[in-house]
Amino acid sequence: MTQINAYLNFNGHTREVMTFYKECLGGELVMQKIAESPMAAQMPSEMGAKILHSSLTNKGIVLMASDCMGAAVVHGNNIALCINCSSEEEVTIFFNSLAAGGKIVEPLHQSFWGATFGTLIDKYGITWIFNHSKK
């Protein structure tokens with residue numbers, strides 16, 4: 001099933017923030033540190049404890065967050081919309097359509113977690129994250 005979820009970015013406070021949200025909203029919280037991922041070798045060692053990806057799920061609530069972002073996190077660029085697509089065709093169509101007139105940050109590619117993944121900023125300045133897991 002295709003879904004749009006909020007994806008938040010923080011300057012090293014993801015663990016604190018997502019733990020707070022779990023206390024408020026309940027559900028299951030999963031966090032992956034950079035040191036626990038294949039990206040660890042590409043990052044400075046001091047980044048190892050930072051959260052690469054986290055997700056809080058409770059019924060229809062899906063909130064995702066990370067300490068990682070290409071630019072400095074400021075109010076306005078700290079949230080993106082993540083589309084979890086239901087097919088390879090769908091992720092390609094949505095990505096190409098929203099990229100028109102915008103800027104591709106990370107082209108669609110096969111990620112280390114086994115999904116087709118990409119990021120762009122649309123012509124209105126909104127950041128979109130695309131994910132299609134083959135599982």
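Which value, in debye to the nearest 20, gives the size of the charge dipole of region 37-135 about its Cα centre, when Lys and Arg are +1 and Asp and Glu are -1 at the Cβ? Present the calculation step by step, with values, prior to reporting the outcome.
Details: 6 positive and 7 negative charges, 29 e Å.
Its charge dipole is roughly 140 debye.
Expressed as a whole percent, the accessible area of the chain that falls on carbon and sulfur atoms is 59 (1.4 Å probe). For region 1-99, trypsin sites (Lys or Arg not before Pro) meeting the loop criterion (DSSP other than H, G, I, E, B) and having at most 16 other Cβ atoms within 10 Å: 59.
Shown here is the pair-distance distribution of the chain: with all Cα-Cα distances grouped in 5 Å bins from zero up to the longest one, the shares run 2, 10, 18, 22, 22, 16, 8, 1, 0 percent. Per residue, the solvent-accessible area of region 75-135 (1.4 Å probe, heavy atoms of protein chains only, all protein chains present) comes to 58 Å². Dipole size of region 1-55 about its Cα centre, with +1 on Lys/Arg Cβ and -1 on Asp/Glu Cβ: approximately 60 debye, rounded to the nearest 20.
The values are calculated or read from the model by the stated rules, or taken from the named source; none is laboratory data. The model shown is predicted, which means the values in this text are computed figures rather than measured ones. Counting neighbours? That spans all protein chains shown, and the Cβs are built from the backbone with ideal geometry, glycine included. Side chains included, ligands, DNA and RNA excluded: accessible areas come from the protein's heavy atoms. Shrake-Rupley method; radii C 1.70, N 1.55, O 1.52, S 1.80 Å.
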